Amino acid sequence: MENKEELLKRIDCLDKGFVRLVDFMGTDDSIVQAARVSYGKGTKSVRADRELIRYLMRHRHTSPFEMVEFKFHVKLPIFVARQWIRHRTANVNEYSGRYSEMKDEFYIPDIEQIRTQDTVNRQGRGDSVLPQYQAEEINEMLSKTQQKLFEEYKSMLDMDIARELARINLPLSTYTEWYWKIDLHNLLHFLKLRLDFHAQYEIRVYAAAMGELIKPIVPSTYEAFEDYMINSETFSSKEINIIKTLINKKMPDDEFLAQNEIKGLEATEFKVKMKKLIPEG
C-alpha cells in the first residue's frame with residue numbers, strides 16, 4: 001500500500017465539483033483484527049485475511065467494517081447534497097450561507113445529460129438524448145436564470161440585507177461544500193444505493209469517485225463489496241420457485257466451482273444454497 005499522504009487524493013466531479021479524501025483511519029487489517037478479537041489472534045496471512053473479509057461481507061457481519069473511517073471534503077450542487085444528506089449515519093459540516101457569501105458557481109449539465117423524463121422510472125431521466133440545438137437551448141436557459149438570480153443576490157448584499165435572507169432565491173444548482181465523515185460499513189451502504197443505475201446521474205458521479213478513493217485503502221473489502229453487493233442479485237421465494245423450474249437438476253461439482261473461483265467454505269455454502277433449489281432424490 002502507498003503511504004498515507006499519497007492516498008489522500010482528489011477527484012474532480014461534474015463541471016465544478018470534487019471529492020477529496022482528507023483523512024482515514026484503518027485498513028483491511030483493522031477489519032480482520034476486530035473480527036478476530038474474540039479469538040485473541042492477530043492478523044494471519046493476506047490470503048486468510050481476504051477470505052475472512054469475504055466471509056464477513058457474504059454473511060452481512062457488519063460491525064468489523066465500522067472499525068474503518070473516512071473523511072471527505074466534497075464540493076457539490078445543492079440538489080445533490082439534498083439527496084446525499086438522507087444518509088443520516090455520517091458526521092457533516094456544511095458551508096454556511098448565513099455566515100459567508102455564496103459563490104458564483106452553478107452546475108450546468110453536459111449536453112448528453114439533458115434528457116426527457118423516463119417513462120418507467122418516474123423519478124429519473126430516460127435514455128433518449130435531445131437534439132443538440134434543443135439541449136443547448138435548455139443549457140442557455142439554465143445559465144441565464146442562474147446569473148440573474150445571483151445578480152439579485154449580490155444586489156441584496158449591497159443593500160446590507162442579511163445573508164440568510166439574500167440567499168433564499170438562489171437555485172438548487174448552486175454549489176456548496178462540506179466535510180463528510182463516515183465509517184466503512186455505512187459508506188458501503190451509501191455506495192450500494194448511489195452507484196445503482198436508478199440513482200440520479202450526478203450523485204452516481206460522486207459515488208464512483210469515492211469508490212476509487214477508498215479502493216486502494218481497503219482493496220479486499222472493496223473486492224468483496226463488488227462481488228457480494230454490487231454485482232449480486234437477491235431473489236424472492238416466488239422467484240426462486242421459478243428458477244427451480246428452469247435449472248438443470250444437477251449439482252455442480254467441485255472442479256466446476258473452482259474454475260469459477262468458488263472454493264473452500266464459500267463452495268460449501270453455495271452447495272447448501274443450491275440444495276434448496278435442487279432437492280436430492
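We did not get these values from a lab; they are worked out from the coordinates using the rules stated. Here the structure is a predicted model, which means the values were calculated and not measured. Cβ atoms come from the backbone with ideal geometry, glycine included; neighbour counts cover every protein chain shown.
Some notes on this structure:
- Using a Förster distance of 30 Å, the FRET efficiency for Ile262-Leu8 (Cβ separation, nearest 0.05): 0.25
- 23 Å Cα-Cα threshold exceeded, pairs from Lys9/Lys215; Lys215/Lys271; Lys250/Lys271; Lys215/Lys275; Lys16/Lys154: Lys215/Lys271; Lys215/Lys275
- Treating r as the C-beta distance of Lys192 and Met159 and R0 as 51 Å, the FRET efficiency rounds to 0.60.
- Here the extension length gained between Glu177 and Asp118 equals 18.3 nm, from 0.36 nm per residue of separation less the Cα-Cα distance.
- Label point distance in nm, Met229-Asn241, each placed 7 Å from Cα along Cα→Cβ: 3.2
- Listed by chain and number, the aspartates and glutamates whose alpha-carbon sits under 20 Å from that of Lys71, ignoring those within fewer than 8 places in the same chain, are Glu2, Glu5, Glu6, Asp12, Asp23, Asp28, Asp29, Glu94, Glu177, Asp183, Glu212.
- Given (i) 51, 47, 40; (ii) 81, 47, 28; (iii) 64, 47, 40, the label whose value is Cα extents along the principal axes in Å derived from this model: (ii)
- Springs join every pair of Cα atoms under 10 Å in this Gaussian network model of the chain, and among Gln113, Gln259, Gln83 the largest mean-square fluctuation is at Gln259.
- Using C-alpha pairs below 8 Å separated by at least 6 residues, the relative contact order for the chain is 25 percent.
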